[in-house]
Amino acid sequence: MTSIGVPEILVIVIVAGCMVLPLWRICTKMGYPGFLSLAALMPVVNLGLYLFLAFSDWPVLKELAALRQTQIPNAMPSSSTHICTRCGTAIPDDSAFCSRCGLAQR
């Protein structure tokens, strides 16, 4: 009977690190705790994790939406500007997109 040697353990650690470290960064950027990425190492739980991350409302997006609702328009519109309907920013009439939120303007 053979045992697991150093090369095999090294491969396992590298593969696990390649799975966990990027997912750790993704989770923290989404607003979730990074240790949630450790679920990627569990065979059935990792599928649930990916589904949860794909279809849940991310905390960072909830915070962004709350901030957008509390902001006051940047400036009063002049005759050649109009107000963006999403974020309230005054933008030139010839702009195709809002310079702040990127919403198409026509």
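The values are calculated or read from the model by the stated rules, or taken from the named source; none is laboratory data. Bear in mind that the values here come from a model prediction, so they are computed numbers and not experimental data. Virtual Cβ from ideal backbone geometry, glycine too; neighbours counted across all protein chains shown.
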- prompt: Looking at the stretch 20-31, is at least one residue of a type in the set (Gly, Ala, Ser) and within 23 Å of the chain's Cα centre (by Cα)?
  reply: yes
task: Name every residue in the stretch 86-96 that is part of a loop (DSSP other than H, G, I, E, B) and over 18 Å from ALA66 (Cβ atoms), in order of residue number.
output: ASP93, ASP94, SER95, ALA96
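The rows are residues; the columns are (1) assigned to a loop (DSSP other than H, G, I, E, B); (2) of a type in the set (Phe, Trp, Tyr).
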site: GLU8; (1), (2): no, no
site: MET19; (1), (2): no, no
site: PRO22; (1), (2): no, no
site: PHE35; (1), (2): no, yes
site: PRO43; (1), (2): yes, no
site: PHE52; (1), (2): no, yes
site: ALA66; (1), (2): no, no
query: Does GLY48 satisfy being touching a Ser or Thr at 6+ places or on another chain (Cβ under 9 Å), among the small types (Gly, Ala, Ser) and modelled with pLDDT of 85 or more?
result: no
